[in-house]
Every structure is written in structure tokens, then in C-alpha cells.
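Notes for the one structure printed next.
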Amino acid sequence: MAGFLQQVVEGLGAGAIYASLALALVLIYQFTGIVNFAQGELAMFSTYIAWQCVAAGMPFWLALVVTLAVSFAGGMLIERVIIRPVEGAPELTIVIVTVGLFIFVNAAAGWIWTFLIKDFPNPFPGGALEAAGISVSFSTLGVLGVVALVMGLLYVLFQYTRIGLGMRAVAANPASARLVGIRVGRTLALGWGLAATVGAVSGVLVAPLLFLEPNMMGGVLIYAFAAATLGGFDSPLGAVTGGLIVGVAETLAGAYVGFIGSDLKVGVPLVIILGVLLLRPQGLFGRAAVERA
């Protein structure tokens with residue numbers, strides 16, 4: 001039993017990272033209806049900015065604040081310069097734009113910082129808590145705490161601030177929001193900036209575990225898509241819940257399903273995506289689309 005619980009704890013730690021990137025995917029989808037395939041690469045680029053700040057002698061937490069500020073501004077700029085010109089275009093056009101952004105950001109990171117693997121500092125102390133035969137590392141606790149903090153801050157933003165209420169109005173009905181005086185364009189840019197900031201947190205959490213290199217977020221993005229699909233692309237709470245479920249499912253499958261092991265664990269999120277799309281396309285917490293005849 002202790003071994004099983006140990007795997008669950010480790011799965012929750014990994015799931016929290018998937019949840020943070022899934023949260024960024026959901027935020028953009030809520031505001032614009034766009035599935036941003038470049039979200040992982042934007043998180044990776046932000047992580048390189050944090051690494052550069054630390055390498056220049058900046059304390060880690062100050063470097064993180066600077067990185068989040070730059071990521072927020074960068075997300076708003078991307079919405080204004082790249083996404084807004086194709087606003088209202090067919091869905092395939094927008095998908096192609098985000099895939100192109102994926103390729104460009106990946107290449108830009110490799111050009112600026114090279115494709116050599118770099119060490120990224122772990123902001124959490126080493127060691128672990130031991131209880132009843134279960135070991136919980138401080139790194140895992142830190143990751144869970146950061147994701148919980150991000151979720152709490154987003155809840156406060158959306159529920160109790162004027163900006164958050166405006167963003168919710170735009171997400172629900174942009175046309176009606178524009179009629180009551182909300183500046184929809186600026187709000188959409190804020191949504192992209194916010195998603196880029198949350199994605200940056202994901203990249204900073206991943207880098208100490210995987211090492212820093214331009215392709216580090218490729219696999220994580222698959223898990224994030226599975227988390228968002230399972231929880232529902234229109235539910236931030238669902239994204240976090242889905243991420244935790246995916247993390248635990250992946251860890252348990254790797255530990256207890258013989259033919260999966262550590263090599264085929266990447267198949268777990270693909271199975272989850274397929275199963276959800278077939279059985280409940282809106283996800284666990286999503287709302288089914290209803291059209292009036």
C-alpha cells in the first residue's frame with residue numbers, strides 16, 4: 001500500500017506541472033476560442049529568460065518576477081501583432097498560425113541560446129518529508145504549492161476584480177461585452193498576457209526536472225492537452241483537476257502495467273484524449289455546446 005501511495009504522490013507532483021500548462025491553454029481558449037499549439041514553446045522561451053537572468057547574477061525569485069513581467073508583455077504583443085490580424089479567419093488558418101509560431105519560437109530559442117542542454121536551478125530545497133513509509137520531496141510540495149497559489153490568484157482575479165469580471169464577460173459574449181463599453185481588444189490581449197505568464201510558471205517548474213533546452217516542452221504539451229481535454233477546455237478548475245489525474249494515471253500505468261513501463265508512458269495521455277473525445281467531448285467540467293434550431 002505504501003508503494004502505491006508513493007506512486008500517487010509522485011504522480012500528483014508531475015500532474016501539477018501538466019496542470020499549470022493546461023491552465024494556460026484553457027485561458028487562451030476561453031477568451032479567444034483558439035487552441036494555442038505554441039503555448040509550450042512560449043513557456044520554454046520564458047524559462048530561458050529566467051535562466052539568463054540567473055546566469056547574470058540575479059537572485060532566482062527576482063529573476064522569476066522579471067520573467068513573468070516579460071512573459072506578460074510578450075503574450076500581449078503576440079496577440080496584437082500575430083493573432084489579431086487573423087481574428088475571425090477560418091479555424092484552420094488560426095491553427096496554422098499557432099503552429100508557425102511554435103516553429104519560430106523554437107528556432108529563435110535555439111539561435112539565441114543554442115540547442116545545448118543547460119542546468120536550471122531548482123528553487124526548492126533538497127530533501128523530503130517522511131511519513132508512514134511515504135516520501136514527499138520538498139520539490140513536489142513546492143510545485144503543488146505554486147500551482148495552488150496560481151489557481152487561487154486566478155480565482156480572486158476573475159471573481160473579485162473589475163478586470164477579471166470584464167475578462168469573464170468577453171469570454172462569455174464578446175459582442176455583448178463590447179456593447180456595454182468593455183474594450184474587447186485590450187481584454188483579449190490581457191488574456192494572452194495572462195496565459196503566457198501562467199505558461200512561464202510551468203516552464204520554470206519543468207526545467208529543473210528535464211534540463212533546459214529548446215525542445216523540453218514538447219512532451220509536456222501533450223500531457224497538458226490531455227489535461228485540458230479531460231477537464232474541459234472552458235474550465236480552469238477542470239484543467240488543474242485534469243492535470244492531476246493525468247499525472248497520477250501516467251505514473252501508475254508506468255509502475256504497474258508491465259508493457260508500458262517508462263518507455264510507453266507517453267501513450268497514456270493519448271489514450272485519455274481519445275477516450276474523452278469519444279465518450280464526453282466537453283470534458284469532466286466543461287459545458288456541452290447547445291445550438292438552437
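The values are calculated or read from the model by the stated rules, or taken from the named source; none is laboratory data. Treat the numbers as computed from the prediction; the structure is a model and nothing was measured. As a convention, Cβ positions derive from the backbone with ideal geometry for all residues, glycine included, and neighbour counts pool all protein chains shown. Quick note on the areas: whole protein, heavy atoms, side chains included, nothing else; ligands and nucleic acids left out. Shrake-Rupley method; radii C 1.70, N 1.55, O 1.52, S 1.80 Å.
Are any residues in segment 155-184 part of a helix (DSSP H, G or I) and among the basic types (Lys, Arg), and if so, which ones?
Arg162, Arg168, Arg178
Can you list residue pairs whose Cβ atoms sit under 7 Å apart, with the first residue in segment 154-181 being within 20 Å of Arg287 (Cα to Cα) and the second being at pLDDT 80 or above and of a type in the set (Phe, Trp, Tyr)? Count only pairs 6 or more apart in sequence or on different chains.
Close Cβ pairs satisfying both conditions: Met167/Phe158; Arg168/Phe158.
Residues being of a type in the set (Lys, Arg) and farther than 15 Å from Leu237 by Cα: count how many of those fall in segment 138-171.
1
Tell me, which residue of segment 185-215 that is open to solvent by 10 Å² or more (accessible area, probe 1.4 Å) and not in a helix (DSSP H, G or I) is farthest from Ala55 (Cα to Cα)?
Checking each candidate, the answer is Asn215.
Name the single residue, out of those in segment 73-91 being under 16 Å from Val105 (Cα atoms) and of a type in the set (Gly, Ala, Ser), that is surrounded by the most Cβ atoms within 10 Å (Cβ to Cβ).
This residue is Gly75.
Please report, ordered by residue number, the helices (runs of 4 or more DSSP H) entirely within segment 1-112 with at least 2 residues that are touching a Pro at 6+ places or on another chain (Cβ under 8 Å) and within 18 Å of Pro208 (Cα to Cα).
Because the criterion is at least 2 residues that are touching a Pro at 6+ places or on another chain (Cβ under 8 Å) and within 18 Å of Pro208 (Cα to Cα), the helices (runs of 4 or more DSSP H) in segment 1-112 that meet it are 39-55, 60-78.
Name, by its number, the condition in (1) among the hydrophobic types (A, V, I, L, M, F, W, C); (2) buried (at least 21 other Cβ atoms within 10 Å of the Cβ); (3) under 17 Å from the mean Cα position of the chain (by Cα) that does not hold for Ala63.
(3)
Could you grab me the full set of residues in segment 21-49 that are of a type in the set (Gly, Ala, Ser), under 11 Å from the mean Cα position of the chain (by Cα) and open to solvent by 10 Å² or more (accessible area, probe 1.4 Å)?
none
Scan segment 256-266 and tell me whether some residue there is modelled with pLDDT under 85, farther than 30 Å from Gln52 by Cα and in a helix (DSSP H, G or I).
yes
Please go through segment 107-153 and pick out each residue that is aromatic (Phe, Trp, Tyr), out of contact with any Ser or Thr (no Cβ under 8 Å at 6 or more places or on another chain) and touching a residue at least 60 places away in the same chain (Cβ under 8 Å).
Trp113, Phe115, listed by residue number.
Do you know which residues across segment 154-170 are open to solvent by less than 50 Å² (accessible area, probe 1.4 Å), out of contact with any Ser or Thr (no Cβ under 9 Å at 6 or more places or on another chain) and not β-branched (Val, Ile, Thr)?
Leu154, Leu157, Phe158, Gly164 - these are the residues of segment 154-170 that are open to solvent by less than 50 Å² (accessible area, probe 1.4 Å), out of contact with any Ser or Thr (no Cβ under 9 Å at 6 or more places or on another chain) and not β-branched (Val, Ile, Thr).
Of all residues in segment 243-276, which are within 20 Å of the chain's Cα centre (by Cα) and among the acidic types (Asp, Glu)?
Glu250
Regarding segment 147-162, can at least one residue be identified that is in contact with a helix residue (DSSP H, G or I) (Cβ under 9 Å, 6 or more places away or on another chain), β-branched (Val, Ile, Thr) and at pLDDT below 85?
no
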